[in-house]
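The values are calculated or read from the model by the stated rules, or taken from the named source; none is laboratory data. If you're wondering where the values come from, they're calculated on a predicted model, not measured in any experiment. Methodologically, a virtual Cβ is constructed for each residue, glycine included, from the backbone with ideal geometry; neighbour enumeration extends over all protein chains shown.
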Amino acid sequence: MSNKNISREEIRAMRLSYGQSGIGELDNDPFVAFADWLRQARDNPHIVEANAMVLSTLDSDLSITTRTVLLKDISLGGFTFFTNYSSRKAHAIDANPQVSLLFPWYAMERQISITGLAEKVSADESVSYFATRPWSSQIGAWASHQSAPLTSREELDLRFQGASEKWPEGTSVPCPPHWGGYRVTPLAIEFWQGRHSRMHDRLRYERAKNGLDWELNRYYP
């Protein structure tokens, strides 16, 4: 394998021309519009995990971190994901609940970006969802000190083995007290569709002044 750095010419040659189709009409309710696009992404054979979203948070030292998490619910006016409450992302949300979400559906030349406020869901909701997870994922939640330093892979494997022996497959695994969900209540939701000549479509839902209704506006690309 060559160690030569990739040149800027090689990088710039990766440029692609986007398709001709743009965004037509979107529903007045951004959650209805989102559900429609999510189903289209799910049904596209080139999209891997349509519900994968990039979550960006602001740490207490004002550094920005991003990672991919999975959307698990759209209800009660928000987008829900689950994680370890001792993780870096959880500490960041505790310090600053302002977050952004990005659904990058590259194969469809489209994306949805969301800005909003994250807050923990109820313990009952976390327990209810945890019970639906595969056994191995439940055991993994007990085995991992997410975001903490790890001395070796063997250490993690031993913790997984220990948890699996405590709760063998087929038994009921309790929801860890350090694990649960966050719901992101959106303040703005932007639908982006790539178009030819970089004349992309950007339609953005923004909260009205009354904090209840939505205003839908089109922006320059």
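List of remarks:
Conditions tested, residue by residue: (1) in contact with a helix residue (DSSP H, G or I) (Cβ under 7 Å, 6 or more places away or on another chain); (2) basic (Lys, Arg); (3) in contact (Cβ under 8 Å) with a residue 12 or more places away in the chain.
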residue: Asn5; (1), (2), (3): no, no, no
residue: Ile11; (1), (2), (3): no, no, no
residue: Ala33; (1), (2), (3): no, no, yes
residue: Leu58; (1), (2), (3): yes, no, yes
residue: Ser86; (1), (2), (3): no, no, yes
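- Some residue of segment 124-145 being in a loop (DSSP other than H, G, I, E, B), modelled with pLDDT under 95 and under 21 Å from the mean Cα position of the chain (by Cα): yes
- Within segment 80-114, tally of residues that are within 26 Å of Asp61 (Cβ to Cβ) and touching a Leu at 6+ places or on another chain (Cβ under 7 Å): 10
- Leading residue by the ranking (modelled with the highest pLDDT) among those in segment 161-217 that are part of a loop (DSSP other than H, G, I, E, B) and acidic (Asp, Glu): Glu169
- Some residue of segment 121-137 being at positive phi and in contact (Cβ under 8 Å) with a residue 40 or more places away in the chain: no
- Just one of the listed residues (Arg153, Arg198, Arg204) is of a type outside the set (A, V, I, L, M, F, W, C) and in contact with a Pro (Cβ under 7 Å, 6 or more places away or on another chain), and it is Arg198.
- Unmet criterion (only one of (1) assigned to a loop (DSSP other than H, G, I, E, B); (2) over 21 Å from the mean Cα position of the chain (by Cα)) for Leu156: (1)
To keep it simple, each residue is scored yes or no on (1) surrounded by fewer than 17 Cβ atoms within 10 Å (Cβ to Cβ); (2) among the charged types (D, E, K, R); (3) over 15 Å from the mean Cα position of the chain (by Cα).
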| site | (1), (2), (3) |
| --- | --- |
| Pro30 | no, no, yes |
| Val48 | yes, no, no |
| Ile74 | yes, no, no |
| Gly78 | no, no, no |
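- Candidates Gly194, Gly140, filtered to the one that is assigned by TED's automatic domain parsing to the domain that holds Ser122 and buried (at least 16 other Cβ atoms within 10 Å of the Cβ): Gly194
- Strands (runs of 3 or more DSSP E) within segment 1-78 that include 2 or more residues under 28 Å from Leu212 (Cβ atoms): 52-58, 73-75
- For segment 93-123, the candidate set comprises residues that are of a type in the set (A, V, I, L, M) and more than 15 Å from the chain's Cα centre (by Cα); within that set, the residue that is farthest from Arg42 (Cα to Cα) is Ala95.
- Residue match in segment 19-30 (condition: in contact with a Leu (Cβ under 9 Å, 6 or more places away or on another chain) and within 17 Å of Gly116 (Cα to Cα)): yes
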